[in-house]
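**Q** Sharing a structure, written as structure tokens. Questions coming.
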Amino acid sequence: MRLFGELDVDCLDDLRRELATARNNRAPQFVVDLGETRFLASEAIGALLEGCLRARDAGKQVEIVNARGIVRTVLQVTGVLDLFTVAVAPLGLRWAT
């Protein structure tokens, strides 16, 4: 799934719903593309972490891709990136998600 813009408390319900939808499909991987995400509020980090952990508990391989700048820094400081596979496409390239 591709997340974009500013993820704050105003979009929390939508974020949780979309994470649950992606988690419950039959795909063996759970990929979250943060390439177009500019901001993650603490509540959004919690929802993202919860969604990724539940996907992993369901047997999916969880991958966070294209986290850059402040988004990557926040996920590193909070330890979220230490829990999952992390990848970054070279600038200008995108992975399909």
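The values are calculated or read from the model by the stated rules, or taken from the named source; none is laboratory data. Here the structure is a predicted model, which means the values were calculated and not measured. Note: ideal-geometry Cβ built from the backbone for every residue, glycine included; neighbour counts use all protein chains shown.
Quick grid of which residues meet (1) in contact with a Cys (Cβ under 9 Å, 6 or more places away or on another chain); (2) under 16 Å from Val80 (Cα atoms); (3) surrounded by 13 or more Cβ atoms within 10 Å (Cβ to Cβ):
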residue	(1), (2), (3)
Arg23	yes, no, yes
Ala27	no, no, no
Val32	yes, yes, yes
Thr37	no, yes, yes
Leu40	no, yes, yes
Ile45	no, yes, yes
Glu50	no, yes, yes
Leu53	no, yes, yes
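**Q** Taking the condition part of a helix (DSSP H, G or I) and modelled with pLDDT under 95, does Ala27 pass?
**A** no
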